[in-house]
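Notes for the one structure printed next.
Please treat every number below as a calculation from the coordinates, not as lab data. Everything numeric in this text was worked out from a predicted model, so none of it was measured. Please note: Cβ atoms are built from the backbone with ideal geometry, for glycine as well, and neighbour counts cover all protein chains shown.
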């Protein structure tokens with residue numbers, strides 16, 4: 001099943017979800033490793049930053065595609081019964097999407113290194129086409145660097161923890177199929193989890 005049904009996530013939604021998870025994890029891993037590379041190794045540090053930027057651009061595009069897909073293929077029914085939990089769920093999802101979209105934009109604006117998308121397509125620096133005075137550009141870069149760093153930690157990991165905590169709550173405490181719907185594919189079709 002390609003599209004979502006009333007009871008199950010479709011293959012496209014599941015693929016988008018896990019691709020974003022994978023790309024976000026790799027992006028964090030790369031920037032973590034970058035912190036251990038000696039400052040004198042400018043080539044190694046630049047390579048890791050370019051890879052980090054490429055993943056950021058990829059995350060941005062895949063997230064936009066996932067949001068568009070969500071508009072096309074409605075979500076399965078929710079197992080959340082409490083209005084307060086439903087509100088919390090919606091806030092966390094919107095905040096997570098928002099943070100994941102703002103993160104690469106803030107990184108791009110803050111960067112002094114022109115993105116070289118997976119070493120194939122060089123993108124212009126933000127200031128190459130932004131008509132800003134030097135002082136305004138410096139202030140904007142500093143602000144975006146602050147946003148990028150603080151979204152990177154603690155905001156995005158905190159939202160991920162809330163999202164994961166909700167999924168685990170549904171799986172282990174409520175014992176409903178919320179988590180299994182995002183995990184289970186067998187024989188090329190979705191497994192009936194009801």
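Angle between the Cα long axis of helix 11-34 and the longest principal axis of the chain, 0 to 90 degrees, nearest 10? Between helix and principal axis, roughly 40 degrees. Per-residue ellipticity at 222 nm for the chain, helices alone: DSSP H runs ≥ 4 residues times -39500 (n - 2.57), over residue total, nearest 500 deg cm²/dmol? It comes out at -21500 deg cm²/dmol, rounded to the nearest 500.
Distance distribution P(r), region 23-90, all Cα-Cα pairs, bin width 5 angstrom from 0: 3, 14, 16, 13, 12, 12, 10, 8, 6, 4, 2, 0 percent. Taking the C-alpha atoms only, the angle from helix 156-168 to the longest principal axis of the chain is near 10 degrees.
Counting neighbouring Cβ atoms within 10 Å and putting the fewest first, the residues 119, 16 line up as 119, 16. Counting 0.36 nm for each residue step from residue 42 to residue 136 and taking away their Cα separation leaves a gain of 31.1 nm. Take every Cα pair under 8 Å whose residues are at least 6 apart in sequence, average their separation, divide by the length of the chain, and the relative contact order is 23 percent. Taken over the C-alpha atoms, region 81-171 has Rg and Dmax values of 17.4, 53 angstrom. Against the main long axis of the alpha-carbon atoms of the chain, helix 134-150 sits at an angle near 40°.
Of all the C-alpha pairs in region 1-157, what % are more than 25 Å from each other? Distances greater than 25 Å cover 41 percent of the Cα pairs. Residues 70, 63, 143, 42, ranked from the fewest to the most other C-beta atoms within 10 Å, line up as 42, 143, 70, 63.
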